[in-house]
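The values are calculated or read from the model by the stated rules, or taken from the named source; none is laboratory data. None of the values given here were measured: they were computed from a predicted structure. Cβ: placed from backbone, ideal geometry, glycine included. Neighbour counts: every protein chain shown.
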Amino acid sequence: MTSQIVDISLLRMMASYGFVLVVLALIRLKRIGLGRDLVTAVIRMTVQLIVMAFILEMIFDMSLWYVVIAMEMAIFILASRIVLSRVKAKTRNLSRNILISLLLGAGSIMAFFIVIIVGPDPLYDPRYVIPLGGMIIGNSMNACAIAFERFHSLMKKDRKLILTLLSLGATSTEATSSQFKEALKAAFLPILITMTATGMVILPGMMTGQILSGTSPLTAVKYQIAIMMGITSSNALVAYLILYLENGEFFNNKHQFLLSAD
Amino acid sequence: MKGECLIKMENVSYSTNGKDIVSDVDLCFRKGRTYAIVGPSGSGKTTIMMLINGLISPTEGKVSYNGTPLEEMEMPHYRSQVPMLFQEPLLLPGDGRKNIMLPFTLETNVGKVPTEEEIREKMRSCGLDETYLDKEISTFSGGEKQRLSLVRTILLRPEAMLLDEPTSALDSKSEKDIINVIRTMAKETLMIYVTHSYQLIGAADDIIVVKGGRISTITDRLDKSRLREILEEV
């Protein structure tokens, strides 16, 4: 079952851009006005992936623990910037809170996953740490953005309800517990849907990649199950952390709702 | 006007976004008395109530309770002693009982859970029979919601109650019921309410007129001529 993967020649790879031409033709035909965005996105993705390929080759060759950690830190910072740019609402310490949530939430799950579940030798083997970490962090970014956006909009919408609860003696945590739960649920929903469809509708990327590279489907499935568990836990933990930290941004230590004066 | 102030506002001002909402307010609220805060819309009446409830802090001056500045108090506990009832009652989807019990799900009120008998008695006094306990909130009228909110606030057995337009959605008969409840409660509880209702203004011991964020007059209701002037003005 371990046959060598068929390499794609550069010319054949270039042929895949033909798909984009079809989409561009459709955009033009229907005058959707997204042509420029699509071309920019395609160029950006191509450049990013090529750069990443060179960086990964270099890191894999070096295989130094501090380089791997530096790379992961860079990914965390980049991920937090992307989440920040994706959310419309902003709060005072949002940038810091996103980074902390990702570092603690996704970081702890990553560490557990690499050390306890996969256990590569050495533990910092970049062939495992970087792609697995990337999958966990990437998915957690979505959960983080969804949780924050939903929570922020609920805090505005339910302002009077929150004030009512506070006025009757609720702490800031009690006053926003229903908004907290609802935002956590919203962040959790995409991964639940993905899990339900995985193996039936969706053949996940990692599993597909492993099978293409000649790994036995059984081994690929074991990895896939484990990574799905890791992603699910990381999503939940990151969403919980961002909500916990952001809840604090809406109140002061006197349990006063800072949106109450608007 | 004898006795110590249970709640005292000293030189209180509050501004937000560069706008003065309340300025130089000095008020003393004594237990066992009833206060009506009256004035035109936007004059700062609700802000005064929120300052007393500790939902916002003065930008200048201080509010104190039993001589202790609110800044030094544990706010959830204080607010359960001095709860505020907002003009638009906010009730959760579900039945009447769920909403009445809502404050008692909060940690600070756990020891205050009312008995079934207390719940029914307070509901009756506010003109709601026990069938409302099982009725869905969506079937309640505005006035019924207002009365249910009042019941749950009364059940907290507070030291003082802050009521923002407590009868705004009620008809004249229901308003009389609520005034009776307020009068009964006022024997043991400090009652402060914002109102535009003649009946409620007339039921207060002291009437505080607010204009442009400042206290313009404080009148004892026994001063009949002044009271008439205020009623006409309001």
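Quick one: which helices (runs of 4 or more DSSP H) sit completely within the range A:109-192 and have at least 3 residues that are surrounded by fewer than 23 Cβ atoms within 10 Å (Cβ to Cβ) and away from chain B (no Cβ under 14 Å)?
Fully inside the range A:109-192 and qualifying: A:126-157.
So which of A:N253, A:N247, A:N235 is within 14 Å of chain B (Cβ to nearest Cβ), modelled with pLDDT of 90 or more and either surrounded by fewer than 17 Cβ atoms within 10 Å (Cβ to Cβ) or in a helix (DSSP H, G or I) (or both)?
The conditions single out A:N253.
I'd like the full set of residues that are of a type in the set (S, T, Y) and either part of a loop (DSSP other than H, G, I, E, B) or more than 10 Å from chain A (Cβ to nearest Cβ) (or both), limited to the range B:52-102. Write out each step before concluding.
Restricting attention to the range B:52-102, the residues satisfying the condition of being of a type in the set (S, T, Y) are B:57, B:59, B:64-65, B:68, B:78, B:80.
Answer for the range B:52-102, where residues must be of a type in the set (S, T, Y) and either part of a loop (DSSP other than H, G, I, E, B) or more than 10 Å from chain A (Cβ to nearest Cβ) (or both): B:S57, B:T59, B:S64, B:Y65, B:T68.
Would you mention how many residues in the range B:1-24 are in contact with a Ser or Thr (Cβ under 7 Å, 6 or more places away or on another chain) and more than 14 Å from every other protein chain (Cβ to nearest Cβ)?
Within the range B:1-24, residues that are in contact with a Ser or Thr (Cβ under 7 Å, 6 or more places away or on another chain) and more than 14 Å from every other protein chain (Cβ to nearest Cβ) number 3.
If you go through the range A:118-141 one residue at a time, do you hit one that is of a type in the set (D, E, K, R) and under 30 Å from A:H255 (Cβ atoms)?
Residues of the range A:118-141 of a type in the set (D, E, K, R): A:121, A:125, A:127.
With under 30 Å from A:H255 (Cβ atoms) added as a condition, the list becomes none.
No, the range A:118-141 has no match at all.
Quick one: is B:P40 more than 9 Å from every other protein chain (Cβ to nearest Cβ) and in a loop (DSSP other than H, G, I, E, B)? First the steps, then the outcome.
Working: more than 9 Å from every other protein chain (Cβ to nearest Cβ): yes; in a loop (DSSP other than H, G, I, E, B): yes.
Yes, satisfied.
Cβ-Cβ below 6 Å, separation at least six or inter-chain, first residue in the range B:108-129 and within 14 Å of chain A (Cβ to nearest Cβ), second in a helix (DSSP H, G or I): which pairs?
Cβ pairs passing all conditions: B:T108/B:P76; B:T108/B:H77; B:T108/B:S80; B:N109/B:S80; B:N109/B:P103; B:V113/B:F104.
One line per residue, one yes/no per condition, for (1) among the charged types (D, E, K, R); (2) within 22 Å of the chain's Cα centre (by Cα); (3) surrounded by 11 or more Cβ atoms within 10 Å (Cβ to Cβ):
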| residue | (1), (2), (3) |
| --- | --- |
| A:V47 | no, yes, no |
| A:F60 | no, no, yes |
| A:W65 | no, no, yes |
| A:M71 | no, yes, yes |
| A:F76 | no, yes, yes |
| A:A79 | no, yes, yes |
